[in-house]
1. Restricting attention to the range 55-70, and to residues there that are part of a helix (DSSP H, G or I) and in contact (Cβ under 8 Å) with a residue 40 or more places away in the chain, which single residue is nearest to the chain's Cα centre (by Cα)?
2. Those residues that are closer than 16 Å to I56 by Cβ and in a strand (DSSP E or B), I need them from the range 110-127; list them, please.
3. Among the residues of the range 222-231, are any under 18 Å from G137 (Cα atoms) and hydrophobic (A, V, I, L, M, F, W, C)?
4. Give the number of residues within the range 164-191 that are aliphatic (A, V, I, L, M) and more than 20 Å from L5 (Cα to Cα).
5. Looking at the range 10-41, which of its residues are within 17 Å of R64 (Cα to Cα) and surrounded by 20 or more Cβ atoms within 10 Å (Cβ to Cβ)?
6. Looking at I171, I157, which one is at pLDDT 95 or above, closer than 20 Å to A195 by Cα and surrounded by 15 or more Cβ atoms within 10 Å (Cβ to Cβ)?
7. With the requirement that a residue be free of Cβ contacts under 8 Å to residues at least 24 places away in the same chain and either under 20 Å from V121 (Cβ atoms) or among the acidic types (D, E) (or both), what does the range 1-54 give you?
8. If a residue has to be part of a loop (DSSP other than H, G, I, E, B), closer than 20 Å to A195 by Cβ and open to solvent by less than 10 Å² (accessible area, probe 1.4 Å) to count, how many in the range 129-154 make the cut?
Amino acid sequence: GETLLVDAEFKALVPEIIAKLKAIGGDAPRFVINTHYHGDHTGGNGAMRAAGATVIAQARVRDRMSRVQRPVANGKRRQPVPVADYPDITYGQHLTLHLDGETVHIRHLPPGHTDGDSVVVFENANVIATGDLFFNGMYPYIDVNAGGSVGGVIADINRMLKWMDADTVVIPGHGAVADKATLVRYRDMLMRMSAKIRKLIDAGKSLQEIQAMRPTAALDATWDRMEQGKGARRFVGELYYSMVVHFPGT
């Protein structure tokens, strides 16, 4: 059978990933789909191609990888990546692969995590890979500099939920494999926090004032799993910038 992989991880992990695929009865991947442009999803592209893969992504992924990006949260500009890591095939809105009796839909959704997000739907297997539109059990990272926003993530999750039933296997960009109910809980957390931050913005509070109030405190024990406690503060910043300044996806 033919092997298809969603996301390429970092380059250093590629040999281990290919070994694992072979151990479970697959081959080195024939296709790799990048769900968005970030390095933890695309860094292994060149190494996967060297092993025989064709890399597929939404058109904006290749565009973002090929030029300097706005500064990210830590103030560092993302530099263009090596040409060897660019996707081979880019698509606009919807691409379908027919492999070994499986129909694989690659769908571009409006800006959410970034402006080049792909969701991968395995129709017969009833599996959906969400990319970073879903961080299971943790606060998300939302790339507002790349057109992302919390409202966009919520809207994209609502679109995906229509493609799921109680048995759908939901593969997040980060965290454990989940189901529809778990994705609903995540969406509800985003909606609750968005409403809370919106009220504080409407009351005239600055980002620093909002962060000092620790509006996520009641949720941190459950959701603040990244960056040793910094995840909540960064998440509040992303919620704020999602609502106050919407970057036009430059």
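1. Here the answer is V61.
2. Listed by number, the residues that qualify are S118, V119, V120, V121, F122.
3. Yes, there is a match, as at least one residue in the range 222-231 is under 18 Å from G137 (Cα atoms) and hydrophobic (A, V, I, L, M, F, W, C).
4. 8
5. I33, N34, T35, H36, Y37, H38, H41
6. Testing whether each residue is at pLDDT 95 or above, closer than 20 Å to A195 by Cα and surrounded by 15 or more Cβ atoms within 10 Å (Cβ to Cβ) leaves just I157.
7. Across the range 1-54, the qualifying residue is only E16.
8. Final tally of qualifying residues: 4.
The values are calculated or read from the model by the stated rules, or taken from the named source; none is laboratory data. Because the structure is a prediction, the values reported are computed rather than measured. We place every Cβ from the backbone using ideal geometry, glycine too, and count neighbours over all the protein chains shown. Quick note on the areas: whole protein, heavy atoms, side chains included, nothing else; ligands and nucleic acids left out. Shrake-Rupley method; radii C 1.70, N 1.55, O 1.52, S 1.80 Å.
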